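The values are calculated or read from the model by the stated rules, or taken from the named source; none is laboratory data. None of the values given here were measured: they were computed from a predicted structure. Backbone-built Cβ (ideal geometry, glycine too); neighbour counts: all protein chains shown. For the accessible areas, the whole protein counts, side chains as well, though only heavy atoms, and no ligand, DNA or RNA atoms are used. Shrake-Rupley method; radii C 1.70, N 1.55, O 1.52, S 1.80 Å.
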Amino acid sequence: MVCHQVVLRGVHRGNLLKKFRFHPPQTTLQRACPQAGLGVVGWGRIDTGRPCGSPAGAMTGGPMNVRSEGVVIVGGGAGGLELAIRLAKAGHKDVLLIDRSATHVWKPRLHELAAGFRRGEVDELDYAGLAEHWGFGFERGELADIDPEARTLTLAEWREDDGRVRVPGRRIGYQAVVLAIGGGTPDMGVEGVLEHALMLDSEADAERLFERFSTGLLAHRAKQSSDPFHIAIVGSGATGVELAGLLATEARASSVAPRECQPRVKVTLLEATDTFMPGMEDEVRQSIRKRLLNVGIDIHTEQQVSRVDRDRLTTDGGDEFQADLTIWAAGRVGPPVADSIDTLATSKKRQWRVRPTLQSVDSDHVFALGDCSVIDDEPAPPTAQAASEQAEHLAKELPRFLAGETPAPFVYEDKGTLLSLGEAGSVGEVKGWFADDVQLRGRLARAAYQGLQRQHQFILLGPLKGTAEALSDVLGRSVGPRLKIH
Ligand SMILES: Cc1cc2nc3c(=O)[nH]c(=O)nc-3n(C[C@H](O)[C@H](O)[C@H](O)COP(=O)(O)OP(=O)(O)OC[C@H]3O[C@@H](n4cnc5c(N)ncnc54)[C@H](O)[C@@H]3O)c2cc1C
């Protein structure tokens, strides 16, 4: 029965493209209980030879059965998914990827989704399809705990809305586990943030933001007010700045068209420190600032927001800023679950502390990469670029570690920063290509900006399909109306 199910699914998938996007009709049991066998990708497959873990009950530890696996990667984002594919491509069969979601989303484009653009489906790929294609295992689940002594991790039970348990908690044994579950935006304990502001950490956040933007504009139009629709963005990091550029110049609401009929949008960027885009090269920062001012965005530094209300922000200096929509983009911290796993040390920003080898300071068999981790003394920035470099590094070092060797330290190579600001243009700097760093503007910057995603696509889809996706994405941008999320 189990093998029959998988073979049928394989036959239905005519080509690679369909394979990655195909969501076969599932029975309730499959959706509810992928680990029961019916939905476990790779179960009974003979082409990849990937094992499916030793049977439940092979080891027991407490009330839950423990299934043993080889390398377990938790989190299939910019870093984790690339690592799973790199290991599988290199012939390592015993790799299991776990993610709480069924689909992979390329986060650096979330601000485009938040502004209503969905140029093709390239940003959302089905983990199960990728797993079947490359030959690694995938199982949906949410990390709840880790026991480094026993080398097991626990996945949370999955409950119905009415509280009934749909999928029980699971314990999985590992030879090495890689934590790659990303991070989030901190509310910094500021009053009203969770009630009145929106963040941009997930696809659901992006859709919510676009919905609030669209309905907000419609409500504003209904009032026939001559005032602009005020959007306040707190935090002048890359996320806040890119979102500001896009919302001020290109975003089109789903509720009113054409764009000329929409109320005017006024975007205000607030930064707590005395420097706009702290940490960015001076020349690039000035260029971005000029472009944003040119499209009418207000920028205020030294404005520490101390309270968020439904229609305004208040700073600790007592200034007030009107806000029909508030977006909170004030920094990044590790994932909430890191606080409840007391077996692994975390930093002040709630990231798992790792050594330069990317091994936890508490366990040789626990690795962590990307936004959920920080290397003691040598922190890398919370970017897709750094997560991808760490994935590439671990794809080489994990097999060496499993063979009993000491993994080499990771060295971060800063390749530069590029920002896309909607009609305000694209700006950035590329490092390491030439003797001096190169500052880019306009189309060249836009092309380089897309390069990071192209590289990710090539790893996920392979060169042929990656090129096809890149072409269809470029064509999608140049012809026809943009597709909206809703
Ligand atoms: C709007 C925006 C624009 C950005 N632009 C850029 C850019 O231009 N360039 C750049 O380099 N970076 C950019 N970044 C940052 C970049 O997206 C992140 O640094 C990068 O995605 C981090 O990769 P990661 O693998 O650590 O985690 P993520 O990509 O965040 O992936 C984490 C994965 O873990 C899963 N997960 C989370 N919690 C659990 C759990 N408890 N159990 C199981 N699974 C879990 C999630 O579903 C997700 O699939 C941007 C970020 C945002 C939000």
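Quick one: in the stretch 235-255, which of the residues that are at pLDDT 85 or above and not small (Gly, Ala, Ser) is surrounded by the most Cβ atoms within 10 Å (Cβ to Cβ)?
Val241
Being assigned to a helix (DSSP H, G or I) and either under 18 Å from Leu155 (Cα atoms) or open to solvent by less than 10 Å² (accessible area, probe 1.4 Å) (or both) is the filter here, so list the residues in the stretch 129-145 that pass it.
Scanning the stretch 129-145 gives Gly129, Leu130, Ala131.
With (1) modelled with pLDDT under 95; (2) more than 25 Å from Val234 (Cα to Cα); (3) in contact with a Lys or Arg (Cβ under 9 Å, 6 or more places away or on another chain) as the list, and Glu378 as the residue in question, which single condition is left unmet?
(3)
Tell me which residues, restricted to the stretch 384-430, are within 11 Å of the ligand (Cβ to nearest atom), out of contact with any Gly (no Cβ under 8 Å at 6 or more places or on another chain) and free of Cβ contacts under 8 Å to residues at least 40 places away in the same chain.
Residue satisfying the conditions is Glu389 alone.
Inspect the stretch 305-323 for any residue being within 16 Å of the ligand (Cβ to nearest atom) and either modelled with pLDDT of 90 or more or not assigned by TED's automatic domain parsing to the domain that holds Arg221 (or both) and give the result as yes or no.
No - not one qualifying residue is present in the stretch 305-323.
Among the numbered criteria (1) at pLDDT below 95; (2) more than 25 Å from Pro463 (Cβ to Cβ), which one does Arg100 miss?
(1)
Among Gln359, Gln351, which is the only one that is surrounded by 19 or more Cβ atoms within 10 Å (Cβ to Cβ), of a type outside the set (Val, Ile, Thr), more than 16 Å from the ligand (Cβ to nearest atom) and assigned by TED's automatic domain parsing to the domain that holds Thr152?
So the residue among Gln359, Gln351 that is surrounded by 19 or more Cβ atoms within 10 Å (Cβ to Cβ), of a type outside the set (Val, Ile, Thr), more than 16 Å from the ligand (Cβ to nearest atom) and assigned by TED's automatic domain parsing to the domain that holds Thr152 is Gln359.
Does Glu142 satisfy being near the ligand (Cβ under 10 Å from one of its atoms), of a type in the set (D, E, K, R) and touching a helix residue (DSSP H, G or I) at 6+ places or on another chain (Cβ under 9 Å)?
yes
With the checklist (1) more than 10 Å from the ligand (Cβ to nearest atom); (2) within 20 Å of the chain's Cα centre (by Cα) in hand, flag the one item Asp377 doesn't pass.
The number of the failed condition is (2).
State the number of residues belonging to the stretch 326-348 that are among the aliphatic types (A, V, I, L, M), in a loop (DSSP other than H, G, I, E, B) and within 16 Å of the ligand (Cβ to nearest atom).
The number of residues fulfilling the criteria is 4.
Could you tell me how many of the residues in the stretch 273-325 are of a type in the set (Ser, Thr, Tyr), farther than 21 Å from Ala197 by Cβ and not in a helix (DSSP H, G or I)?
1
Is there any pair linking a residue in the stretch 229-249 that is over 23 Å from Pro381 (Cα atoms) to one that is of a type in the set (Asp, Glu) and more than 10 Å from the ligand (Cβ to nearest atom), with Cβ under 9 Å and at least six apart or on different chains, and which?
From the stretch 229-249, the pairs are Phe229/Asp324; His230/Asp311; His230/Asp324; Ile231/Asp324; Ala232/Asp324; Leu246/Glu423; Ala248/Glu423; Thr249/Glu423.
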